[in-house]
Amino acid sequence: QVQLVESGGGLVQAGGSLRLSCAASGRASGTYAMGWFRQAPGKEREPVAGIMWSTDSTYYEDSVKGRFTISRDSAKNTVYLQMNSLKPEDSAVYYCAAASPYGSTWYKFVKSWGQGTQVTVSS
């Protein structure tokens with residue numbers, strides 16, 4: 001089981017930036033994708049971005065393309081989500097996830113979740 005610890009959430013004004021981090025530890029056998037989901041109040045949890053550990057292939061939800069960038073640091077077993085040009089509608093709890101590396105459908109095969117970190121964007 002992979003343990004995931006997120007950090008980096010907070011309050012930011014619209015147009016601002018935040019960087020989320022997710023450090024992974026523990027057994028990762030069979031887990032070769034990591035990504036981020038978000039869940040706003042009253043809404044379902046939705047995938048935001050994913051990255052395949054072995055190929056660096058990345059996948060983004062349409063509303064964040066061009067604004068968010070997912071990356072990884074293999075030496076630190078850490079994945080990042082750089083969020084620029086933030087909008088109030090980006091406000092949500094952001095969850096890190098470890099998943100099977102099934103490309104664009106990675107979000108359907110989550111094996112572990114982080115505890116979540118709050119991102120609030122004020123207008």
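The values are calculated or read from the model by the stated rules, or taken from the named source; none is laboratory data. Note that the structure is predicted; figures quoted are calculated from it, not measured. In this analysis, Cβ positions are derived from the backbone assuming ideal geometry, glycine residues included, and neighbour counts consider all displayed protein chains. Accessible surface areas use protein heavy atoms only, side chains included; no ligands, DNA or RNA. Shrake-Rupley method; radii C 1.70, N 1.55, O 1.52, S 1.80 Å.
Extension gain for Thr120 to Gln3 (0.36 nm times residue separation, less C-alpha to C-alpha distance): 39.6 nm.
Rolling a 1.4 Å sphere over the protein heavy atoms, what is the accessible area per residue of the chain, to the nearest Å²? Working shown, then result.
Values: 6250 Å² over 123 residues.
In whole numbers, the chain has 51 Å² accessible per residue.
When only C-alpha pairs under 8 Å and at least 6 residues apart count, what is the relative contact order of segment 1-107, in percent? Could the numbers behind the result be given before it?
Numbers: 220 pairs, mean separation 37.5, N = 107.
Computed value for segment 1-107: 35 percent relative contact order.
Compute the signed sum of charges (Lys and Arg +1, Asp and Glu -1) over the other residues within less than 12 Å, Cβ to Cβ, of Tyr102. For residues surrounding Tyr102, the net value is +2. Counting only protein heavy atoms, what percent of the accessible surface of the chain is carbon or sulfur at a 1.4 Å probe? Result for the chain: 48 percent of the exposed heavy-atom area is carbon or sulfur. For segment 58-123, the residue among Tyr59, Ser100, Ser85 whose Cα projects farthest onto the positive side of the dipole built from Cβ charges is Ser100.
Remark: the Phe109-Ala23 segment gains 29.1 nm on full extension, using 0.36 nm per residue and subtracting the alpha carbon distance. Connecting C-alpha atoms closer than 10 Å in a GNM of the chain, tell me which of Tyr94, Tyr102, Tyr80 has the biggest fluctuation. Highest fluctuation among the options: Tyr102.
Within the straight-line cut-off of under 27 Å between alpha carbons, the lysines reachable from Lys43 are Lys65, Lys87, Lys108, Lys111, sequence neighbours fewer than 8 places apart in one chain being disregarded. Only protein heavy atoms count here; on that basis, with a 1.4 Å probe, Trp113 has an accessible area of about 110 Å².
What full-extension length gain, to one decimal in nm, is calculated for Lys87 and Leu11 as 0.36 nm per residue of separation minus the Cα-Cα distance? It would help to have the intermediate numbers written out before the result.
Numbers: separation 76, 0.36 × 76 = 27.36 nm, distance 1.16 nm.
Additional length available on full extension: 26.2 nm.
Among Thr78, Thr58, Thr105, the largest mean-square fluctuation in a Gaussian network model of the chain, built with springs joining Cα atoms closer than 10 Å, belongs to Thr105.
Evaluate the charge dipole of segment 13-115 about its Cα centre and quote only its size in Debye, nearest 20, assuming +1 on the Cβ of each Lys and Arg and -1 on the Cβ of each Asp and Glu.
Details: 12 positive and 8 negative charges, 42 e Å.
Here segment 13-115 has a charge dipole of around 200 debye.
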